[in-house]
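A.B. asks: The structure is given below, and queries will be raised subsequently.
The values are calculated or read from the model by the stated rules, or taken from the named source; none is laboratory data. Since this is a predicted model, take the numbers as computed values, not measurements. Note: ideal-geometry Cβ built from the backbone for every residue, glycine included; neighbour counts use all protein chains shown.
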Amino acid sequence: MVRYVLKRLLILIPTLIAVTIIVFTLMNFVPGDPVMIALGSGTHTPAEVEAKRIAMGLDRPFLVRLGEYLKGVFFHFDFGTSLIDGTSIQYQLMTRFPNTLKIAIYSIIFTVVIGIPLGVFCAQHANSVGDRFALIVTLVLDSMPSFWLALLLMLLFALKLHWLPSTGSGSFKYFILPTLANSLGGLAGFTRQVRASMLEVTRSDFVTTARSKGINERKVVYGHALPNALIPILTLVGMRFGGMLGGATVIEVIFSIPGIGQLLVNGINNRDSTVVTGGIVFIALTFSLIMLLTDLAYSLVDPRIKAQYTSHKKKSGEEEKRHHGGRHHGRRDE
Amino acid sequence: MKGNRKDTGSLKPGSLRYVWRKLLRNKSAVFGLTVVCVLIVLSLISPLICRYDYRSMDGLNAYSLPSAEHLLGCDELGRDILSRVLYGARYTFIIGILSTAIAAVLGIAMGAVAGYFGGAVDSALMRFLDIFQSFPMLILAMAFCAVFGTGIDKCILALGISNISGFARLMRANILRIRNMEYVEAATSIGCPTRKIITGHVIPNAISPIIVEIAMGISRNGLASSSLSFLGLGVQQPTPEWGAMLSSARSYIRYYPHMAIIPGIFILITVLSFNLIGDAVRDILDPTLKE
Amino acid sequence: MNEKKESAFFSIRDLNVQYKSGAQTVYAVNGVSFDLAAGETLGLVGETGAGKTTIAKSILRILPPHAVKKMEGQVLYEGEDIFQMNDTELRKIRGHQISMIFQDPMTALNPVKRVNEQIAEGYIQHHHCTKAEAEKRAEEMLELVGISADRAGEYPHQFSGGMKQRVVIAMALACSPRLLIADEPTTALDVTIQAQVLDLIKRLRDELGTSMILITHDLGVVAGICDQVAVIYAGRIIEYGTKADVFRHPTHPYTIGLFGALPDLKKDVERLSPIEGLPPDPTEQIEGCAFYPRCERRCEKCKSYRYEPTRLSDTHTILCCNPAGEGEEK
């Protein structure tokens, strides 16, 4: 087990370094001279520009700058400073991260608490009126752009009914609408996945075996079927949570919540390439870590996978499937 | 649906024609296909059938609610929303379809190479794709948008590149799965030439999951493109792309919600249609999911 | 076989089961009846798809509800009709009075639960005892089937196929049921393991005095274990009798065909004579005898045959209108 974790970390580190190199290089090509952006509007003499360039260290070769950036990120967690206002990006990330984290945690709790019972209900009453109704509702919710849903929720609950604040961050009630807007679409896909997984598992022989032992139906469903059905769901939860930690960008922008996603969008719009680089690298870090934790959680839940890792035999096909499944907003049902 | 087994029985399950015939018997898929076709046609002929040009402004009618004059009302500059929404459908379709096409072509090629050659080529490609998979899809697309700038072509490119890894992994998994199938082994063992195995067994069996992925990809990318435009990173105003329209309507939502609601409904219907098609194809290909 | 004594320990009366498959109906079991005396073992023999497993699963009412279109008849356990029981009564029968060993041990065990939990679970339910007592029972059961008690806390994937089937057997016998249904208990196992597992089942049956219904397609297995034999074809018992009846005097052309398809070391036959053709499509309702197209003795009568049983002796019955006469017997 320990060896497996180490192995995964060993793969993760070069990937993250490669991510950082690529992002840094790409951002080097963002249109606009960073010196001019840093200097702001107005006219500047060539001497001023040159002095600023040297002050920013941009006169040095690209590779040297890249090396320093890598060193900064991986040894000091230092992402440099913003071109526009010169603030520390690390500070920006750390002050904004709690907001993003809150939305992510609330959303995932909401999704799981509603999605699992609903999915189990739909599976148990497959093709009943209730199931069909839930299927239609979830399909529609799934196809809804989250920013549109956010606007509708804001219109109804904040602007018309005045029940909840429309924008900003603060107490819990500021997060209710963002959480709803962020999770309803995903909740739909999640519910359908739980339903599909439950349906598949209830057909397994071991469920019949359990039933043949005479234990009551509740134990058959929740004690035997559900734990097995939840195994593939775990990836989905991890995937979604990791994605949300990267910032529910659109939601943060609409509700004016100072989170990572908003930082990124502002950075792109202001051509603040250092902020963009920092934001993206940070997102890659959190996302990859969550994905790693998800995979580890897997082996805790499923004794078979644990055995695979401890015996150093890995079924690459299965892993491949999990990697692919549940990517892109979890609309996959494989 | 299974009662129709007889007339499709002659076709190989998984072949394109089989899927197509079954698709035409699936109510929700037909609904999806119809909506998509109607929207495409309406979008193409919208300059001919609409009373107003999608660009023409009419200050007197700014913010006007839906009426007989303007069936879906007007926006803040007095432009007819119906004309704009119909004309704008083409952007969603173009971006959705072209970006998925780019992703599919490149992804399938990479996945096929990785799956076919295996070994070092495979590991190298897969590690490379790991880099892409270190981000949520939308963040990746945003990063590319930041580099490329704004505009339809750049948006297509950004979304296309962001989706390569999904297709590549799917194709690779497919190839590996099929290569180990007993019927391929059987074909090899009776001396069937490689070319025939590939055209007769591998491609027909690999193509079906790809179709599902393409249908889902179009809906995903259509949605993502409107998200990007909404954030001001994709297609910009005054192009009547739905996300961009919503973005500008956002400021007026308190008093003129129709400006935001209408483009959203169109996005919803379009994405829903592609999802219905994708779901139907998946059900056809994997009947065990049914019942 | 229908007019046996009323107080049989276990009997099935006119069982009919139909599945739905899309718009079609699968006629899986078409009027099966038999009796089983306490302590006896009945072998249900037939090809794949003949309806054997359906009969077994309908006894405990564990057929997948979404697939079943019709399930009629009576399953009488000590005079009580299992089909008329409510859920609570049914659960008291399942695993406690009647329990089942499944065909594929690979899938019959829950992969995320330890084996002792899975064995103990039913025991707790039926004996209302503590978890510790039940787990002690689980360990005893494991020892009984030849698995060391210190493997009790392991997961199913840590066992081999044969060992898993032993676990399944331990699970089925944990509550000392009075009737054990074994559905092809050895089919999924390696040939070398099959005999061991079969011996185990036989030994435990004798030790515990359990009645048993053994489902198999292997006549050799039947010969070793069973007292009564029922040969199933297309959802009907086409020949029923004691082991001696069926093995010494097989009379239905299908049964004769089954024996013809077996290699016999004593006889010097050039080649085996398999039964030609395929079993009928279960989605079609057949006029007359279902075996007609494959039968060597088919005649005009068979086309309008209504399955009136022919009694050859007190214990031996067949469903055939043109059976082989005494002289023609092989």
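A.B. asks: Does B:Ala260 qualify as being in a helix (DSSP H, G or I), under 25 Å from B:Leu71 (Cβ atoms) and free of Cβ contacts under 8 Å to residues at least 60 places away in the same chain? I'd like the intermediate steps shown before the answer.
C.D. replies: Numbers: in a helix (DSSP H, G or I): yes; under 25 Å from B:Leu71 (Cβ atoms): yes; free of Cβ contacts under 8 Å to residues at least 60 places away in the same chain: yes.
Yes; evaluated as a whole, the condition is true for this residue.
A.B. asks: Let me ask another. Can you tell me which residue among C:Ala172, C:Ala182 is assigned to a helix (DSSP H, G or I), in contact with a strand residue (DSSP E or B) (Cβ under 7 Å, 6 or more places away or on another chain) and buried (at least 19 other Cβ atoms within 10 Å of the Cβ)? Before the answer, list the steps.
C.D. replies: On the way: C:Ala182 fails: assigned to a helix (DSSP H, G or I).
Of the residues listed, the single one that is assigned to a helix (DSSP H, G or I), in contact with a strand residue (DSSP E or B) (Cβ under 7 Å, 6 or more places away or on another chain) and buried (at least 19 other Cβ atoms within 10 Å of the Cβ) is C:Ala172.
A.B. asks: Let me ask something else. Within the range C:152-164, can one find any residue that is touching a Phe, Trp or Tyr at 6+ places or on another chain (Cβ under 6 Å) and within 14 Å of chain A (Cβ to nearest Cβ)? Walk me through how you get there before you give the answer.
C.D. replies: Start the filter on the range C:152-164 by keeping residues that are touching a Phe, Trp or Tyr at 6+ places or on another chain (Cβ under 6 Å), which leaves none.
Checked against the condition, which is being touching a Phe, Trp or Tyr at 6+ places or on another chain (Cβ under 6 Å) and within 14 Å of chain A (Cβ to nearest Cβ), the range C:152-164 yields no hits at all.
A.B. asks: To continue, here is another question. If you take the residues of the range A:188-216 that are among the small types (Gly, Ala, Ser) and more than 9 Å from chain C (Cβ to nearest Cβ), which of them is nearest to A:Leu234 (Cα to Cα)?
C.D. replies: Residues of the range A:188-216 among the small types (Gly, Ala, Ser): A:188-189, A:196-197, A:204, A:210, A:212, A:214.
Restricting the remaining residues to those that are more than 9 Å from chain C (Cβ to nearest Cβ) gives A:188-189, A:196-197.
Numbers: A:Ala188: 16, A:Gly189: 14, A:Ala196: 14, A:Ser197: 11 Å.
Ranking the candidates gives A:Ser197 first.
A.B. asks: Grab the helices (runs of 4 or more DSSP H) fully contained in the range B:1-56, keeping just those with 2 or more residues being modelled with pLDDT of 80 or more. Talk me through it step by step, then tell me what you get.
C.D. replies: Working: elements: B:5-8, B:16-23, B:27-49.
Output list reads B:16-23, B:27-49.
A.B. asks: Which of the following residues is within 13 Å of chain A (Cβ to nearest Cβ), of a type in the set (S, T, N, Q) and free of Cβ contacts under 8 Å to residues at least 40 places away in the same chain: B:Ser229, B:Ser219, B:Ser208, B:Ser247? Steps first, answer last, please.
C.D. replies: Details: B:Ser229 fails: free of Cβ contacts under 8 Å to residues at least 40 places away in the same chain; B:Ser219 fails: free of Cβ contacts under 8 Å to residues at least 40 places away in the same chain; B:Ser208 fails: free of Cβ contacts under 8 Å to residues at least 40 places away in the same chain.
The match here is B:Ser247.
A.B. asks: Out of curiosity, is A:Leu245 within 10 Å of another protein chain (Cβ to nearest Cβ) and either surrounded by fewer than 24 Cβ atoms within 10 Å (Cβ to Cβ) or touching a His at 6+ places or on another chain (Cβ under 9 Å) (or both)? First the steps, then the outcome.
C.D. replies: Numbers: within 10 Å of another protein chain (Cβ to nearest Cβ): yes; either surrounded by fewer than 24 Cβ atoms within 10 Å (Cβ to Cβ) or touching a His at 6+ places or on another chain (Cβ under 9 Å) (or both): no.
No: the conditions fail for A:Leu245.
A.B. asks: Now a separate question. Based on what the data block shows, is A:Ile136 assigned to a helix (DSSP H, G or I), away from chain B (no Cβ under 13 Å) and within 19 Å of A:Leu184 (Cα to Cα)? It would help to see each step written out before you state the result.
C.D. replies: Working: assigned to a helix (DSSP H, G or I): yes; away from chain B (no Cβ under 13 Å): no; within 19 Å of A:Leu184 (Cα to Cα): yes.
Taking the combined requirement at face value, the residue does not satisfy it.
A.B. asks: Checking B:Leu233 against (1) more than 23 Å from B:Ser162 (Cβ to Cβ); (2) part of a loop (DSSP other than H, G, I, E, B), which test does it fail?
C.D. replies: So the condition that B:Leu233 fails would be (1).
A.B. asks: Moving on. Counting just the residues of the range B:83-95 that are crowded, with 21+ Cβ neighbours inside 10 Å and not hydroxyl-bearing (Ser, Thr, Tyr), which one comes out farthest from B:Ile265 (Cα to Cα)?
C.D. replies: The extreme case among them is B:Ile95.
A.B. asks: Under the condition of being outside any helix (DSSP H, G or I) and more than 9 Å from chain A (Cβ to nearest Cβ), which residue from the range C:99-136 is surrounded by the most Cβ atoms within 10 Å (Cβ to Cβ)? Give the derivation first.
C.D. replies: First, the residues of the range C:99-136 that are outside any helix (DSSP H, G or I): C:99-104, C:109-114, C:128-130.
Going one step further and asking which of them are more than 9 Å from chain A (Cβ to nearest Cβ), we end up with C:101, C:128-130.
On the way: C:Ile101: 27, C:His128: 9, C:Cys129: 15, C:Thr130: 10.
Among those that are outside any helix (DSSP H, G or I) and more than 9 Å from chain A (Cβ to nearest Cβ), it is C:Ile101.
A.B. asks: How many of the residues making up the range A:140-153 are part of a helix (DSSP H, G or I), facing another protein chain (nearest Cβ under 7 Å) and crowded, with 18+ Cβ neighbours inside 10 Å? Let's see the steps before the verdict.
C.D. replies: Initially, the range A:140-153 is screened for residues part of a helix (DSSP H, G or I), giving A:140-142, A:146-153.
Cutting the leftovers down to facing another protein chain (nearest Cβ under 7 Å) gives us A:140, A:142, A:147-148, A:151.
Next, only the ones that are crowded, with 18+ Cβ neighbours inside 10 Å stay: A:142, A:147-148, A:151.
Going through the range A:140-153 one residue at a time, the tally reaches 4.
A.B. asks: Would you please name the residue that is farthest from the chain's Cα centre (by Cα), looking only at residues in the range C:205-263 that are within 26 Å of C:Glu296 (Cβ to Cβ) and among the charged types (D, E, K, R)?
C.D. replies: C:Arg248
A.B. asks: Same structure, new question: Surrounded by fewer than 24 Cβ atoms within 10 Å (Cβ to Cβ), modelled with pLDDT under 85 and facing chain A (nearest Cβ under 10 Å), is that true of B:Ile253? It would help to see each step written out before you state the result.
C.D. replies: On the way: surrounded by fewer than 24 Cβ atoms within 10 Å (Cβ to Cβ): yes; modelled with pLDDT under 85: yes; facing chain A (nearest Cβ under 10 Å): yes.
It is true that B:Ile253 is surrounded by fewer than 24 Cβ atoms within 10 Å (Cβ to Cβ), modelled with pLDDT under 85 and facing chain A (nearest Cβ under 10 Å).
A.B. asks: For B:Val202, only one of the following conditions fails: (1) more than 8 Å from chain A (Cβ to nearest Cβ); (2) among the β-branched types (Val, Ile, Thr); (3) closer than 27 Å to A:Leu159 by Cβ. What is its number?
C.D. replies: Going through the list (1) more than 8 Å from chain A (Cβ to nearest Cβ); (2) among the β-branched types (Val, Ile, Thr); (3) closer than 27 Å to A:Leu159 by Cβ, B:Val202 breaks only (3).
A.B. asks: I've got another one for you. Answer yes or no: is there a residue in the range A:29-43 that is of a type in the set (Val, Ile, Thr), in contact with a helix residue (DSSP H, G or I) (Cβ under 6 Å, 6 or more places away or on another chain), free of Cβ contacts under 8 Å to residues at least 40 places away in the same chain and more than 14 Å from chain B (Cβ to nearest Cβ). Give the derivation first.
C.D. replies: Going residue by residue through the range A:29-43, those that are of a type in the set (Val, Ile, Thr) are A:30, A:35, A:37, A:43.
Checking which are in contact with a helix residue (DSSP H, G or I) (Cβ under 6 Å, 6 or more places away or on another chain) leaves us with A:30, A:35.
Remaining after also requiring free of Cβ contacts under 8 Å to residues at least 40 places away in the same chain: A:35.
So of that shortlist, the ones also more than 14 Å from chain B (Cβ to nearest Cβ) come out as A:35.
Yes, the conditions are met somewhere in the range A:29-43.
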